[in-house]
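The values are calculated or read from the model by the stated rules, or taken from the named source; none is laboratory data. Being a predicted model, the structure only gives us computed values, none of them experimental. FYI the Cβ positions are ideal-geometry reconstructions off the backbone, even for glycines, and counts take in every protein chain you see.
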């Protein structure tokens, strides 16, 4: 049995598909109100803040995947991420199962240094601090050989379906609503994005590769990174028309954040939109050379079709 904790988000759903297509038909989807991806899936209602609930959710599990997403609130992250991680580690120990943790880059320094698996965790915001605490709890458990686990880390999402992310919202979401796409800060710096189906397929592969455990992996991204301007030029090319966009300056964003809580919670990420943000996944590509990464051109084409943007 392979169990997905936090199964209702886009990563959990795509992970369930990847597991069924390539590894197992015995899949358990866990969450507050989980929905089946396949008719044969097992669903289990669970509160990850309750250690006994987590322990029960992990019964008969060989591999657990922690893909839960929390509401975008710094104080909530600081309260809940350490507790969730403690409960999941305890549950995996009790049931003797392996753990695959899906992490983001919030705890990395917000500078132009190329991000690799050994990049030190030096967060500049509270959500990054929460993620650092959680990952250090897991690294400590791995170091003490309390559980067999692996960390899979990904940069900003873009993708079809329920994918959430700044690029999806400001670009494809606005286009779908016939609004002008928006760029954060600068349109001439390189960005690294990960196509959500790629992230889930790669995580399933890592989870089912025994020698991949007890280390950190960057999930695979297209190395031919685009600036926002180049990204929009590709969209214009595929739509056969010029797509104009606007820029959101730091001043505008900080004024707007006074009246918008979600935007306020995004401010800690702003520095990375003013510089080249290079997330390196060469370790994965060297270990798994046959994995095919979706190019930005292919990803854009898939999203435009999925969003019915013409």
TODO: Could you please let me know if residue 274 is surrounded by fewer than 14 Cβ atoms within 10 Å (Cβ to Cβ), more than 19 Å from the chain's Cα centre (by Cα) and outside the structural domain of residue 141 (by TED's automatic domain parsing)?
DONE: no
- [ ] Output the residues belonging to the stretch 22-64 that are farther than 25 Å from residue 162 by Cα, part of a loop (DSSP other than H, G, I, E, B) and without any contact (Cβ under 8 Å) to a residue 40 or more places away in the chain.
- [x] 50, 59
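Does residue 187 meet the test of being part of a loop (DSSP other than H, G, I, E, B), touching a residue at least 12 places away in the same chain (Cβ under 8 Å) and at negative phi?
In short, yes.
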Task: Candidate set: the stretch 118-132, residues that are in contact with a helix residue (DSSP H, G or I) (Cβ under 6 Å, 6 or more places away or on another chain) and surrounded by fewer than 18 Cβ atoms within 10 Å (Cβ to Cβ); chosen: the one farthest from residue 285 (Cα to Cα) - done: 126
TODO: Quick one: count up the residues across the stretch 190-215 that are in a loop (DSSP other than H, G, I, E, B) and in contact with a helix residue (DSSP H, G or I) (Cβ under 6 Å, 6 or more places away or on another chain).
DONE: 1
- [ ] Might you check whether a residue that is under 30 Å from residue 270 (Cβ atoms) and either assigned by TED's automatic domain parsing to the domain that holds residue 143 or at pLDDT below 95 (or both) occurs anywhere in the stretch 54-62?
- [x] no
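Quick grid of which residues meet (1) touching a helix residue (DSSP H, G or I) at 6+ places or on another chain (Cβ under 6 Å); (2) assigned to a helix (DSSP H, G or I); (3) loosely packed, with under 14 Cβ neighbours inside 10 Å:
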| position | (1), (2), (3) |
| --- | --- |
| 242 | yes, no, yes |
| 254 | no, yes, yes |
| 270 | no, yes, no |
| 305 | no, yes, yes |
TODO: Kindly establish whether residue 176 is more than 21 Å from residue 81 (Cβ to Cβ), out of contact with any strand residue (DSSP E or B) (no Cβ under 8 Å at 6 or more places or on another chain) and not assigned by TED's automatic domain parsing to the domain that holds residue 67.
DONE: yes
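Condition first: in a loop (DSSP other than H, G, I, E, B) and either free of Cβ contacts under 8 Å to residues at least 60 places away in the same chain or not assigned by TED's automatic domain parsing to the domain that holds residue 47 (or both). Now tell me which residues in the stretch 84-112 satisfy that. Working first, answer last.
Step one: of the stretch 84-112, the residues in a loop (DSSP other than H, G, I, E, B) are 96-97, 104-112.
Residues satisfying the conditions are 96, 104, 107, 108, 109.
Take residue 237 and decide whether it is surrounded by fewer than 16 Cβ atoms within 10 Å (Cβ to Cβ), in contact (Cβ under 8 Å) with a residue 12 or more places away in the chain and either touching a helix residue (DSSP H, G or I) at 6+ places or on another chain (Cβ under 8 Å) or not in a strand (DSSP E or B) (or both).
So residue 237 fails the test.
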TODO: Quickly run through the stretch 141-164 and pick out the residues that are touching a residue at least 24 places away in the same chain (Cβ under 8 Å) and part of a loop (DSSP other than H, G, I, E, B).
DONE: 146, 147, 148, 154, 155, 159, 160, 161, 162, 163, 164
Open item on the list: Please go through (1) surrounded by 17 or more Cβ atoms within 10 Å (Cβ to Cβ); (2) at pLDDT below 95; (3) within 17 Å of residue 171 (Cβ to Cβ) for residue 231 and return the number of the only condition it doesn't satisfy.
Closed with: (2)
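Working carefully through the options 212, 204, find the one that is closer than 26 Å to residue 89 by Cβ, surrounded by 23 or more Cβ atoms within 10 Å (Cβ to Cβ) and touching a residue at least 12 places away in the same chain (Cβ under 8 Å).
After ruling out the rest, the residue left standing is 204.
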Open item on the list: Out of the residues in the stretch 55-74 meeting the condition of being farther than 21 Å from residue 152 by Cα and more than 20 Å from the chain's Cα centre (by Cα), tell me which one is surrounded by the most Cβ atoms within 10 Å (Cβ to Cβ).
Closed with: 57
